[in-house]
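**Q** The structure under discussion is supplied below as structure tokens; questions concerning it will follow.
The values are calculated or read from the model by the stated rules, or taken from the named source; none is laboratory data. A quick note: this is a predicted structure, and the numbers were derived from the prediction, not measured. For neighbour counting, all protein chains shown are included, and Cβ atoms are generated from backbone atoms with ideal geometry for every residue, glycine included. SASA here: full protein model, heavy atoms, side chains in, ligands and nucleic acids out. Shrake-Rupley method; radii C 1.70, N 1.55, O 1.52, S 1.80 Å.
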Amino acid sequence: MKKLFLILLFLLQISTVFAQNQVDEPSSKKIIGTWYNDANRNAKWIFGSDGKLYNYDKDTFKVMFRYIISHSCQNNSDDNTEFITLMDKDGNEFCFKIIAINENKNGILSLIKMDTMQPLRFVNNVNIKSGM
């Protein structure tokens, strides 16, 4: 009986350890890929794993930014919020608050442009009906 109790206790501890290790994929990985502007599906942002964002309109390259995902951006800082900072070749920075990236695999990227508080919505498939 004592051995059975120890085995059950051991199994409970193992399941607790595995449950704690199942962390959601980080935003820096979830954002990689092509995102189409929901309001204008001809405009797309392509996030690369190398920290570069390529902006296209009607399949014509417009501009490249370097991007960083962190808990601060310009004058904004919050330990519970993630921000994307875009930097162009001239050193200009653009700050976006991340609302959601592909939550529940819905294919939607939601951001807020911090200087104007304008919400932006992207989809990772041009055929997605986003409900907006």
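**Q** Among the residues of region 44-65, write down those that are surrounded by 15 or more Cβ atoms within 10 Å (Cβ to Cβ) and of a type in the set (D, E, K, R).
**A** Answer for region 44-65, where residues must be surrounded by 15 or more Cβ atoms within 10 Å (Cβ to Cβ) and of a type in the set (D, E, K, R): just LYS44.
**Q** Keeping to region 34-43, report how many residues are crowded, with 16+ Cβ neighbours inside 10 Å and within 15 Å of the chain's Cα centre (by Cα).
**A** Qualifying residue count for the region: 3.
**Q** Turning to a different aspect of this structure: Cβ-Cβ under 9 Å, sequence separation 6+ or interchain: first residue in region 66-90 and farther than 22 Å from SER49 by Cα and open to solvent by less than 60 Å² (accessible area, probe 1.4 Å), partner modelled with pLDDT of 95 or more and aliphatic (A, V, I, L, M). Which pairs?
**A** Short answer, once both residue conditions are applied: ASN76/MET114.
**Q** Right, here's the next one. So which residues in region 92-132 are polar (S, T, N, Q), over 22 Å from HIS71 (Cβ atoms) and over 15 Å from the mean Cα position of the chain (by Cα), if there are any at all?
**A** Residues satisfying the conditions are ASN125, ASN127, SER130.
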